[in-house]
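Here the structure is laid out as structure tokens; the discussion comes afterwards.
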Amino acid sequence: MNKIQSKINNNLKFVYSDNNTISVIFQNNDLLMGVLGEFNKNLKELEKLTNTNLYFRGNSIIIKSLPKKNEIVKNAIQFLSDQFINNGSIEKKDIISSINKFMIDENNSSSQNIEYIIKTPKKSVIPRSEKQKNYVRALKESEVIISTGPAGTGKTFLAVAVALTMLLEKKIERIILSRPAVEAGERLGFLPGDMREKVDPYLRPLYDSLYDLLDYEKIQKKIEIGDIEIAPLAFMRGRTLKNSFAILDEAQNATDTQIKMFLTRIGENSKIVVNGDPSQIDLPNKSLSGLNRSKKLLGHLKEISVVDFDHSDVVRHPLVSKIVKAYSDQKND
């Protein structure tokens, strides 16, 4: 093999050859096995998704395709290596994310994404698009953040991850997670139990994000002692939130008055995040939603960051992005 170019980082060495081949040489065998997966399942999935020829030889993964596609796969392998180092495992969704178009942009390499890593006790969270990176930056630097976009773009999950790291680092004293208690099209009828049991079904996605980042028992303990509070939006009225990180999820189902009420709860050393998807308003009168209006009224303030996601930022199954785009295109017709 006539080797004409070689690039090295801490864990991988990339050897470029003159026959449209890149050899990814692993310095650590455990890392190589982690990237390959059991019975090479990760490598096979990556090969299928990119329609390339990938070979495993010794301590190397060999990529053979067109130069541009070689770079895509090389960046994907770098991303998966970082993912395994940080989390100790690689899931199918990570393989899918590794080949998203933001991973092949020369100005947005995986190593740059690592700079925005959010380390939680259970896993490390890596922004997977340019807008997610901007969003994480805003979550860390701005006092108020308003974000809109379709499901699966990481609005809530990233905000919860940043809030949890700030709580564990004692930069804040409390996390407050809130949602409007609005039924999503169906009539749920009478819900038994005390107040918490009645509203829990509406707030379940917030619990899911927490449990994905910290052990169940630790989350329950923090809820019991008040370090984490999960409550309907109506419970926020009349409060002042100091040393807190407050997140309003599903804000498209909050009225203009409700969003104003939530935003004006901000106190000393606090952050407020307002997230929502304007395409999924469940209010009887959709014109009552205050999410878009809050962006227009407040977006010019330097203390407030506005981040708008779209279908290209969806990090769930790639089909989700296609579904979101199809509905969006139909709406614009």
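Nothing in this text is a laboratory measurement; each read-out follows from the coordinates by a stated rule. Predicted model only: the values in this text are computed from it and were never measured. Heads up, the Cβs are rebuilt from the backbone with ideal geometry, glycines too, and the neighbour counts pull from every protein chain shown.
Across the range 169-175, rounded Karplus estimates of 3J(HN,Hα) from the backbone phi angles (6.51 cos²θ - 1.76 cosθ + 1.60, θ = phi - 60°) give 8, 6, 7, 9, 9, 7, 10 Hz, Gly and Pro being marked x. Inter-label distance, residue 279 to residue 301: 2.9 nm, where each label sits 7 Å from its Cα along the C-beta direction. Pairs with C-alpha atoms separated by more than 24 Å, drawn from the list 119/170; 48/322; 13/64; 123/296; 68/325; 122/322, are 123/296; 68/325; 122/322.
Taken along the Cα-to-beta-carbon direction at a fixed 7 Å, the label points for residue 235 and residue 92 span 3.6 nm. Modelled spin-label separation between residue 57 and residue 223, with each label point placed 7 Å from Cα along the Cα-to-Cβ direction: 5.4 nm. The alpha carbon centroids of the range 118-138 and the range 41-81 are separated by 24 Å.
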